[in-house]
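What follows is one structure encoded as structure tokens, with my remarks underneath.
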Amino acid sequence: MITTARLRLRPLSTADVDWWVELHADPEVARFVGGYTREQAAARLAAIEEQWEHRGHGLCAVELVATGEVIGRSGLNWWQQFDETEAGWTLARAHWGHGYATEAARAVLHWGFHDLGLERITAMIHQGNDASTEVARRLGFTPLREDVLAGKAITVHALDRPAAATGPVAR
């Protein structure tokens with residue numbers, strides 16, 4: 001578990017199916033990350049659990065420390081087809097604009113670089129997702145290449161370990 005001043009990140013599991021479907025049911029959230037049926041969500045969450053088991057990292061539920069409310073997801077996702085570990089962030093629309101994505105992703109980067117020893121972390125952002133591009137810029141990511149993910153054009157941003165200025169994270 002990762003804790004910041006305002007957030008707690010815990011591994012996602014198949015117990016989060018209903019919440020996952022609800023998060024992705026919002027058309028503004030699903031615009032770039034897609035929607036999920038209950039069956040699709042269960043399969044995705046099972047794959048996340050498997051990644052935690054085999055790679056020691058994965059996606060996390062992002063909770064508010066003050067209330068325990070789950071407000072989004074963030075974490076590390078390994079993409080076999082790219083042989084890259086990506087930092088990702090997706091928040092419920094009601095929690096946009098409060099700096100939570102940047103705070104969660106900064107903690108994830110610290111975890112990836114300092115605890116897991118990763119040399120490079122990417123952020124795969126769908127073209128037109130200006131809010132996520134701005135989060136990546138604030139975190140120090142720079143564009144690496146254009147690519148395609150799930151049939152959609154993306155810009156892959158990268159951050160190497162020496163460039164990470166992520167400060168300590170409380171545990």
Loop-only check: which chymotrypsin sites (Phe, Trp or Tyr not before Pro) in segment 1-103 are DSSP coil with at most 16 other Cβ within 10 angstrom? 82, 96
Can you pull out the GluC sites (Glu not before Pro) in segment 62-121 whose DSSP state is coil and whose Cβ has at most 16 other Cβ atoms within 10 Å? 69, 119
Hey, what do the phi angles of segment 80-94 turn into as Karplus ³J(HN,Hα) couplings, whole Hz, using 6.51/-1.76/1.60 and θ = phi - 60°, x for Gly and Pro? 4, 5, 9, 6, 9, 9, 10, 8, x, 8, 8, 10, 4, 3, 4
Relative contact order (%) - segment 2-163, alpha-carbon pairs under 8 angstrom, separation at least six: 18
Can you report the principal axis dimensions of segment 2-163 using only the alpha carbons, biggest first, rounded to whole angstrom? 37, 36, 34
Value of relative contact order over segment 5-84, rounded to a whole percent, pairs C-alpha under 8 Å and six or more apart: 35
For segment 132-138, take each phi angle, set θ = phi - 60°, evaluate the Karplus expression 6.51 cos²θ - 1.76 cosθ + 1.60, and give the result in whole Hz per residue in order, putting x for glycine and proline. 5, 4, 5, 4, 4, 4, 4
Whole-Hz ³J(HN,Hα) for each residue in segment 107-118, computed from phi via Karplus 6.51 cos²θ - 1.76 cosθ + 1.60 with θ = phi - 60°, x for glycine and proline: what do you get? 5, 5, 4, 4, 4, x, 7, 8, 8, 9, x, 5
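Values quoted throughout were computed directly from the atomic coordinates according to the rules given, and no laboratory measurement underlies them. Just so it is clear, the structure is predicted and the values come from calculations on it, not from any experiment. Using ideal geometry, Cβ is built from the backbone for each residue, glycine included, and neighbour counts are taken over all protein chains shown.
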